[in-house]
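Asks: The structure is given below, and queries will be raised subsequently.
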Amino acid sequence: MKTMKNLLFTFAVLFSSIAASNPVDTGHAKVSLITDLSQSQSEEFYVGVRLEMQKGWHTYWENPGDSGGTFEALWDLPAGLKIEEGFSNWPTPTTIPYPPLMTYGYENEVIFPFKVKKIKDAILGMVNLEFNFLICADICIPETATLQLDLKTANGSQTLTNAISLLPKKDIATQSKHQDDALVIGFKKIDQDFTEAYFFPRNTRDFYYTAKQKITQNTDGSFAITVPTMNGDFNSFSGILSLDGKGYQVQESLQIHQSESSLSIWQALLFAFIGGLILNLMPCVFPVISLKVLSFVAMGGGEDTKIRNHALIFSSGIICTFMVIAISLILIRSSGAMIGWGYQLQSPMVVGVLALVILAIGFILLTSINMGSSLTSVGSSLQSRNDYAGSFGTGVLAVVVASPCTAPFMGAAIGYALLQPSIATLPIFLSLAVGFAGPYLILAMKPQWLSALPKPGAWMEQLKQFFAFPMIATALWLMWVFSLQTSNDALIQLLVISLLLGLSIWMINSFKHKLKWAGLVLTAILGMPFLFNVQNAPTTAIQQTDLVSWYPELEMDLQESNQAYLINFTAAWCITCQANDKLALSRPRVIEYLASESIQYVKADWTNRNEQIAKALAQYQRTGIPLYVFWKPGMLAPQILPAVLTEDILIRSIEASI
């Protein structure tokens, strides 16, 4: 009996040593677990599955092509650790032809990196994995490796670090279309030169894998790769574009609703002009525009020349600012970045500075500080002859505060402008600027029309003070946006700077000697270093029942599962978005309607900069928000809903598209 116990003990020890050994030989491959974990306090790290295959054998990518199968990884992790799934786990594959078949996969050696995140009270201990994979040569054999890795004693692997650096994590912007029996994927020239290109699609039923893919270069330096398709019914696709073996992520929606995507340059110009006119009525612009209107009232009965000059200079401030924004957008987008209308408000520094400027104007309106005829100049530097600098500055400020709003017609026009060559972008932005400045250009031509307005009088001082409250309300809203972009500590510091700013304006109003500028100097000294060092924090999503957060492949996943959806592309700094949310999307009637129709509501939060959301907007010919996308099984393509919503408009738009 004792001999039998010793024998069993020996077998148990031997089995444990085999199960815990690294690597494991499965017959045609050696499989091992490796990690790049070097510091136990790291919030995230990678664990990689390394396959060293015998010569002539291969395994498969997530879409294996005409034959094959993907691996299955069954993890048993220590408490508090979680594997993050996603496209980035897959290295760039290669083509492995087996005429008449074409397969996608890896030969010789491959490492599959998995990102591990600590979610709560994480314990670094033993990682267990059952890894099932298919390995093929002339025949295919399913194999299994049971692996273990002790994170407490494991050393960081440079091999895994190198593999992670080669993952196809970078997105490449594409503009694609169905053409005959193929999908033509257009993309701009990238930093690297390449001689070979191949697109590996994730869609498993839409492409011919054995057909040759053709790459061409256009006269503007961009490229197009033609990928033969089995049918043209699909309206979205994703995959990896391999350029000389370096992979780039591709994801795009196709066949956007005809009325939203077939704009001509003349339609875009008209839409931009109309959108600019309507922008004057949007709530974000009201505080500044109202001040300018009040200043024109103050000129009633004055010289026509003076009124005309102020109107023209105010309009020139609007037009110049729009042109600066347009040129900035073109330059930034030429570097490959995905940005759009309102992009500057994704910077907490810009939001913080803008909040302080508008708050300062609000405080000044409550004092007896002489603001000149424009009522918007801050400080004596703008109190020049006839205060023309104040009129120009008010025009600039009007455009800046208009950024959070997207008027009807405006979204389609700006989206068209920023997805076209710069020769088309500038005229469209100019048309938008002229529309926005239109009422004041008319006033410049007909200054005598001011005589129809109430005559200047003592009532104007009370109205001026009243306009302080919309300005302060705007500043409070910007501070709320700032808090979502940063942290509570950063918000407290901004509030302290606001207090100092209020003290400064009180001192300027109360004292007649040099001491009055001390508060303003102190505010600048304490405030500027803080504002230039604020950092974005993860955006806090607004909670709502049955809300799903957006991710890049979500539309494809929902369509493949025949799930109807409504996507709300929004941001905290977008006033139109917030108004639509309160007036329509969060109303009980709408929530009940979406539930009754089994429509999944999705929120894509663009408060902070997000390249994936910017890319998704571009796929719908948009570069700004709000954007509302609806799809239901049976529809050929997603439907873009109106930019300004009420309960009735939203429900009628959904019903009309079904």
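The values are calculated or read from the model by the stated rules, or taken from the named source; none is laboratory data. Since we're looking at a predicted model, the values are computed, not measured. Neighbour counts are summed over all protein chains in view; Cβ atoms, including those assigned to glycine, are modelled from backbone coordinates with ideal geometry.
Asks: Within 29 Å of the chain's Cα centre (by Cα), surrounded by fewer than 15 Cβ atoms within 10 Å (Cβ to Cβ) and not charged (D, E, K, R): is that true of G239 in this structure?
Replies: Details: within 29 Å of the chain's Cα centre (by Cα): yes; surrounded by fewer than 15 Cβ atoms within 10 Å (Cβ to Cβ): no; not charged (D, E, K, R): yes.
For G239, the condition - within 29 Å of the chain's Cα centre (by Cα), surrounded by fewer than 15 Cβ atoms within 10 Å (Cβ to Cβ) and not charged (D, E, K, R) - is not met.
Asks: Hey, any hits in region 600-618 for a residue that's among the aromatic types (F, W, Y) and over 24 Å from A572 (Cα atoms)?
Replies: Within region 600-618, not a single residue is among the aromatic types (F, W, Y) and over 24 Å from A572 (Cα atoms).
Asks: Looking for whichever is part of a strand (DSSP E or B) and among the polar types (S, T, N, Q) here; the options are T144, T70. Which one fits? Outline the logic, then answer.
Replies: Numbers: T70 fails: part of a strand (DSSP E or B).
Answer to the selection: T144.
Asks: Condition test on E85, is it free of Cβ contacts under 8 Å to residues at least 60 places away in the same chain and of a type outside the set (K, R)? Full working, then the answer.
Replies: Numbers: free of Cβ contacts under 8 Å to residues at least 60 places away in the same chain: yes; of a type outside the set (K, R): yes.
Against the criterion (free of Cβ contacts under 8 Å to residues at least 60 places away in the same chain and of a type outside the set (K, R)), E85 qualifies.
Asks: For region 609-658, enumerate the residues that are part of a helix (DSSP H, G or I) and more than 26 Å from D171 (Cα to Cα). Break it down stepwise before answering.
Replies: Here is the first cut: in region 609-658, the residues part of a helix (DSSP H, G or I) are 611-619, 647-657.
Of everything in region 609-658, those that are part of a helix (DSSP H, G or I) and more than 26 Å from D171 (Cα to Cα) turn out to be E647, D648, I649, L650, I651, R652, S653, I654, E655, A656, S657.
Asks: Would you list the helices (runs of 4 or more DSSP H) that sit entirely within region 495-594 and hold 2 or more residues that are modelled with pLDDT of 80 or more?
Replies: Values: elements: 518-531, 554-560, 575-580.
In region 495-594, the matching helices (runs of 4 or more DSSP H) lie at 554-560, 575-580.
Asks: Would you mind stating whether I327 is modelled with pLDDT of 75 or more, surrounded by fewer than 22 Cβ atoms within 10 Å (Cβ to Cβ) and farther than 13 Å from V400 by Cα? So that I can check it myself, show each step before the final result.
Replies: On the way: modelled with pLDDT of 75 or more: yes; surrounded by fewer than 22 Cβ atoms within 10 Å (Cβ to Cβ): yes; farther than 13 Å from V400 by Cα: yes.
Considered against the rule, which asks whether it is modelled with pLDDT of 75 or more, surrounded by fewer than 22 Cβ atoms within 10 Å (Cβ to Cβ) and farther than 13 Å from V400 by Cα, I327 comes out as yes.
Asks: Determine, yes or no, whether K120 is assigned to a strand (DSSP E or B), farther than 30 Å from M230 by Cα, in contact (Cβ under 8 Å) with a residue 24 or more places away in the chain and out of contact with any Ser or Thr (no Cβ under 7 Å at 6 or more places or on another chain).
Replies: Details: assigned to a strand (DSSP E or B): no; farther than 30 Å from M230 by Cα: yes; in contact (Cβ under 8 Å) with a residue 24 or more places away in the chain: yes; out of contact with any Ser or Thr (no Cβ under 7 Å at 6 or more places or on another chain): yes.
Considered against the rule, which asks whether it is assigned to a strand (DSSP E or B), farther than 30 Å from M230 by Cα, in contact (Cβ under 8 Å) with a residue 24 or more places away in the chain and out of contact with any Ser or Thr (no Cβ under 7 Å at 6 or more places or on another chain), K120 comes out as no.
Asks: Collect the residues in region 614-636 that are crowded, with 16+ Cβ neighbours inside 10 Å and of a type in the set (G, A, S), keeping them in residue-number order.
Replies: Correct list: A614, A616, A618, G624.
Asks: Can you find even one residue in region 597-608 that is assigned to a helix (DSSP H, G or I) and at pLDDT 85 or above? Quick ask: steps written out before the conclusion?
Replies: So in region 597-608, the residues assigned to a helix (DSSP H, G or I) come out as none.
Scanning region 597-608, I find no residue that is assigned to a helix (DSSP H, G or I) and at pLDDT 85 or above, so the answer is no.
Asks: Going by what's in this entry, would K177 be described as in a loop (DSSP other than H, G, I, E, B) and of a type in the set (K, R)?
Replies: Numbers: in a loop (DSSP other than H, G, I, E, B): no; of a type in the set (K, R): yes.
Here the answer is no, as K177 does not meet what is asked.
Asks: Looking for whichever is outside the structural domain of N231 (by TED's automatic domain parsing), within 29 Å of G352 (Cα to Cα) and surrounded by fewer than 21 Cβ atoms within 10 Å (Cβ to Cβ) here; the options are E611, E553, E597. Which one fits?
Replies: Going through E611, E553, E597 in turn, the sole match is E611.
Asks: Mind counting the residues in region 111-126 that are of a type in the set (D, E, K, R) and closer than 15 Å to E85 by Cα?
Replies: Restricting attention to region 111-126, the residues satisfying the condition of being of a type in the set (D, E, K, R) are 115, 117-118, 120-121.
Next, only the ones that are closer than 15 Å to E85 by Cα stay: 115, 117-118.
Number satisfying all stated conditions: 3.
Asks: It is to be established whether one or more residues within region 632-644 are of a type in the set (D, E, K, R) and under 12 Å from the mean Cα position of the chain (by Cα).
Replies: As a first pass, look at region 632-644 and keep what is of a type in the set (D, E, K, R): 632.
Subsequent filtering for residues that are under 12 Å from the mean Cα position of the chain (by Cα) retains none.
The answer is no, given that none of the residues of region 632-644 is of a type in the set (D, E, K, R) and under 12 Å from the mean Cα position of the chain (by Cα).
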